[in-house]
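The structure appears below as C-alpha cells.
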Amino acid sequence: MIYDTLENAEKYKGINPLLDEALTILASGKLKDYELGVHKIKGDQLRIHINDYKTKDKNKCEYEAHKNFIDIHYTISGNEICYFKSLKDMEIIGTFDSKNDIGFYKNDERTNHAFNISNENFIIVFPQDAHKPSCSTTEEGENLRKVVLKVFYDPNQK
C-alpha cells in the first residue's frame, strides 16, 4: 500500500508499465473532467471508475481485496477514510469472486491502519492489501465523487 500526496504521484513509476500510465493520468489533474461511469483506457487492463456516493459508518463498510488488479483511490470532491490491513491476516467471507476479481473479508479492527483520502492525496492498493473504502469522516456521512483507477497486475511482468 502506498499513501502519498498528489504532487508525488509520478515518483512511484517503474513498478508496472500500466501503473506508470495510471499515475500519469492521476498526476495530470484531468480526472475531474471525466463523466460518471467506467472509462476503458487500455481495454480491461486499465480502467477509470468514476462514482458518486455518500460515505458510511465504518461498521457498515467491508474489507475487500483483489488478486489481479492494483487500485488507485482518489477523490475529486469530498473526503473518506480507507482502512487497510494485510490480507494474510484476514478471513474471507464466502468465496473469492474471480469473475469480478473481488473478495470480501471479515471486519477486524485490531491492527488496521486508517488513511484520509481527499483531492490532495491518493492510495495505491496492491493484491496483498485488504482495504475498506467508503468510510465516513463525519457522523452523518459525506457526498463525494470518487475515482478508482483499476490497473491489471501480473506479478511475473517487469
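Every number here is computed from the coordinates shown, using simple stated rules; none is lab data. Fair warning: this is a prediction, and the values are worked out from it, not measured in the lab. Cβ atoms come from the backbone with ideal geometry, glycine included; neighbour counts cover every protein chain shown.
Observations on the model:
- Taking 96, 152 and counting other C-beta atoms within 10 Å, the order from fewest to most: 96, 152
- Positive minus negative residues near residue 140 (Lys, Arg vs Asp, Glu; Cβ under 11 Å): -1
- For the residue pairs 32/99; 88/132; 11/88; 32/60; 32/58, alpha carbon separations beyond 24 Å are given by 32/99; 11/88; 32/60; 32/58.
- In plain terms, the residue of 84, 69, 115 with the fewest other Cβ atoms within 10 Å comes first and the most crowded comes last, giving 115, 84, 69.
- Neighbourhood net charge (15 Å Cβ-Cβ; Lys/Arg +1, Asp/Glu -1) for residue 69: -2
- Each residue, residue 28 and residue 106, gets one label point 7 Å from its Cα in the Cβ direction; the gap between the two is 4.4 nm.
- Peptide packing for 1-7, 45-51 was compared via the average number of neighbouring C-beta atoms within 10 Å per residue; ordered from the highest value, the list is 45-51, 1-7.
- Rounded, prolate or oblate (a/c below 1.5 giving rounded, otherwise prolate when a/b exceeds b/c) for the stretch 23-74 by Cα gyration tensor: oblate
- Residue order for 140, 109, fewest other beta carbons within 10 angstrom first, comes to 140, 109.
- One quarter of the convex hull surface built on the alpha carbon atoms of the stretch 2-152 amounts to 8.6 nm², the projected area averaged over directions.
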